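Have a look at the structure below, then the notes.
The values are calculated or read from the model by the stated rules, or taken from the named source; none is laboratory data. These figures come from a predicted structure and were not determined experimentally. Here the Cβ is made from the backbone with ideal geometry for all residues, glycine too, and neighbour counts use every protein chain on show. Just so you know, the surface numbers come from the protein's heavy atoms only, side chains and all, with ligands and any DNA or RNA stripped out. Shrake-Rupley method; radii C 1.70, N 1.55, O 1.52, S 1.80 Å.
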Amino acid sequence: MPGHRHRRTAPPAAPAPPAPAPAAGRRPAAGGRRPDPSSRPPARPPARRAARRHPNDHKSQPTKRNRDMPTLGIIGSGSMGTAIARLAVAADVKVAIANSRGPETLTALVSELGPLAGAGTVEQIAQDADLIVLAVPILAYRSVPAAPLRGHTVLDTSNYYPIRDGRIPELDSEKLTTSELVQQHLEGAHLVKAFGNILAHHITQLARPSGAPDRTALPIAGDHAAANTAAAALVDRIGFDTLDTGPLADSWRFEPETTAYTWLYMADQNTAFEDRFEAPGAPFPIASLRTALLDVKRVRVAERTF
């Protein structure tokens, strides 16, 4: 019965067998024969108690880099998908890449990335992936099959650029953020917006080991706490701190043309728009990112110029 445990009584001990009779002509010593002290096994040292950790002690413990090696599926082999793949294999994360042109077009990239990399279709990479990165233009998201991603945590890197994508009424009206629009298509997946406010070449420039004093932080947003935690663990493993900014509805805070987009990570934050892809990066720590996100103002999407 729940809440009530029956105590089980031990059966009575069996009576000890009688001591063997002493050999004829010999008198046993009082209390029986004493064992030779030299024949006793050495005493065991007292067991050491494990040190107790305070519940607020979050100091990281040394671990092997290949402990519980995960598999990362990456949909998209452009500059963003490739940059994330490079950092992942450098962090001992297996990667499986898919694109719209087929696995046979990824041979050179897989060879460059090394033995931890592979290629396949979306359906194939989703079978073994622990996490998936969606790194495709916003116009291409509907071409990604939704069924294989159901139940997966998907890190969405997409952004809306009217100068490239044309006008998308759902986004211009601000009824949805970019990742909310993608989430509607990927029903059953747990979307986390990540890597959306940093350029691909800055990702490879600014990655640092955990605990490095010049570590850069990236914002994430998502509607599922467990998915956000899993995404943050991956981002940490490949070289960045993370700041959880809340649900997908709040991910506008680091969408294009806000003050928390891209230029945060440039060595010269006055870099001209046309020079952004050549601009060197500079570390941007989590405290600075938190301040930047508090001060950000929402951009009127329908008025955006790029």
Scanning region 280-305 residue by residue, those assigned to a loop (DSSP other than H, G, I, E, B) and either open to solvent by less than 30 Å² (accessible area, probe 1.4 Å) or among the acidic types (Asp, Glu) (or both) turn out to be Ala282, Phe284, Val296, Arg304
Candidates Val154, Val192, Val144, Val122, filtered to the one that is in contact with a Ser or Thr (Cβ under 8 Å, 6 or more places away or on another chain) and either acidic (Asp, Glu) or closer than 30 Å to Phe306 by Cβ (or both):
Val192
When restricted to Thr82, Thr63, Thr105, the only residue surrounded by fewer than 16 Cβ atoms within 10 Å (Cβ to Cβ), out of contact with any Phe, Trp or Tyr (no Cβ under 9 Å at 6 or more places or on another chain), modelled with pLDDT of 95 or more and not acidic (Asp, Glu) is Thr105
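Residue-wise test of (1) closer than 13 Å to Leu191 by Cα; (2) crowded, with 19+ Cβ neighbours inside 10 Å.
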position	(1), (2)
Ala232	yes, yes
Ala249	yes, no
Glu255	no, yes
Ala272	no, no
Meets criteria (modelled with pLDDT of 95 or more, assigned to a strand (DSSP E or B) and open to solvent by less than 20 Å² (accessible area, probe 1.4 Å)) for Val192
yes
Return the pair list, or none, for Cβ contacts closer than 7 Å from residues in region 277-306 that are more than 24 Å from Ala83 (Cα to Cα) to residues that are open to solvent by 90 Å² or more (accessible area, probe 1.4 Å) and hydroxyl-bearing (Ser, Thr, Tyr), at least 6 apart or on different chains.
Ala292/Thr259; Asp295/Thr259; Val296/Thr259
The one condition in (1) surrounded by 23 or more Cβ atoms within 10 Å (Cβ to Cβ); (2) under 19 Å from Ala292 (Cβ atoms) that Val182 fails to fulfil
(2)
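Would you say Ile286 is touching a helix residue (DSSP H, G or I) at 6+ places or on another chain (Cβ under 6 Å) and either closer than 23 Å to Ser173 by Cβ or among the β-branched types (Val, Ile, Thr) (or both)?
For Ile286, the condition - touching a helix residue (DSSP H, G or I) at 6+ places or on another chain (Cβ under 6 Å) and either closer than 23 Å to Ser173 by Cβ or among the β-branched types (Val, Ile, Thr) (or both) - is not met.
Filter region 131-175 down to the residues that are in a helix (DSSP H, G or I), open to solvent by 40 Å² or more (accessible area, probe 1.4 Å) and of a type outside the set (S, T, N, Q) and list them by number. Give the derivation first.
If we filter region 131-175 for residues that are in a helix (DSSP H, G or I), which is where we start, we get 138-143, 147-149, 162-165, 169-172.
Next, only the ones that are open to solvent by 40 Å² or more (accessible area, probe 1.4 Å) stay: 139, 142-143, 147, 163-164, 169-170.
Residues satisfying the conditions are Leu139, Arg142, Ala147, Ile163, Arg164, Pro169, Glu170.
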